[in-house]
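Data first, discussion second: the structure below is written as structure tokens.
Read-outs: derived from the displayed coordinates by stated rules, not from any lab. Owing to the predicted nature of the structure, the values given are computational and were not obtained by experimental measurement. Neighbour counts are summed over all protein chains in view; Cβ atoms, including those assigned to glycine, are modelled from backbone coordinates with ideal geometry.
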Amino acid sequence: MKKVAVIMGSDSDFPTVKGAIKTLREFGVPVEVRVLSAHRTPAEAAAFSSGAAENGFGVIIAAAGKAAHLAGVLAAHTVLPVIGIPIKSSTLDGLDALLSTVQMPKGIPVATVAIDGADNAALLAVQMLALSDASLTDKLAAMRRRMTQEVMEKNEKLQREVEAL
Ligand code: RP5
């Protein structure tokens with residue numbers, strides 16, 4: 001199975017990014033994690049992304065805050081799909097990172113999830129890998145069934161509470 005790279009612009013992003021790493025591991029997806037900054041280590045970030053495909057990666061997840069160029073810079077150096085997580089790490093509550101990540105000029109796409117949306121970034125990466133791995137498709141389907149069951153149980157509980165009003 002292809003690996004997923006989880007790249008963050010700073011170790012200060014790690015508390016948010018942890019969720020993505022845990023989710024990927026729950027699906028049995030091999031993960032490698034790095035701190036690489038588009039601004040502070042531009043050469044290293046470019047080198048990682050340039051070599052990612054030949055090093056066995058299938059998807060790159062890039063998490064960054066503030067003027068968040070990391071996902072776009074990584075995407076510029078590879079044709080692997082890049083998923084951006086805008087991190088809420090500034091006085092602008094992550095809106096700066098969201099706009100920096102999502103507003104990519106045409107030609108170099110970044111699939112941007114919600115501010116701090118680490119879990120969805122991981123799930124999207126699993127869905128991408130599932131295109132060529134049926135075992136991941138089965139695990140995703142099982143997760144969806146569990147979610148459905150949980151919501152139905154919550155609804156039933158709510159109905160009982162409403163009835164008792
Ligand atoms: C971004 O700047 C990082 O992704 C982080 O979210 C933010 C702040 O970084 P630190 O100053 O905490 O290292 O590059």
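Numbers for the structure displayed
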read-out: Cα-Cα over 31 Å, subset of Lys3/Lys66; Lys2/Lys106; Lys66/Lys154; value: Lys66/Lys154
read-out: Rounded if a/c under 1.5, otherwise prolate or oblate - the stretch 18-95, Cα gyration tensor axes; value: oblate
read-out: For the stretch 135-165 versus the stretch 34-90, the gap between their alpha-carbon centres in whole angstrom; value: 35 Å
read-out: Estimated distance in nm for a label pair at Thr148 and Ala134, the labels positioned 7 Å out from Cα along Cα-to-Cβ; value: 2.1 nm
read-out: Peptide ranges 25-38, 65-78, 84-97, 149-162 listed from the most packed, as the mean C-beta count within 10 angstrom indicates; value: 65-78, 84-97, 25-38, 149-162
read-out: CD proxy at 222 nm, helix term only [per DSSP H run n ≥ 4: -39500 (n - 2.57); per residue of the chain; nearest 500]; value: -16000 deg cm²/dmol
read-out: Computed E for Glu163/Glu26 - FRET, C-beta separation, R0 45 angstrom, nearest 0.05; value: 0.80
read-out: Inter-site label distance for Glu156 and Leu92 at 7 Å from Cα along Cβ, in nm; value: 4.7 nm
read-out: Residues in the stretch 122-147 reached by a label modelled at Val79 [backbone nitrogen below 16 Å; 7 Å Cα→Cβ]; value: none
read-out: Virtual spin-label span in nm between Ala43 and Gln103, 7 Å along Cα→Cβ; value: 3.1 nm
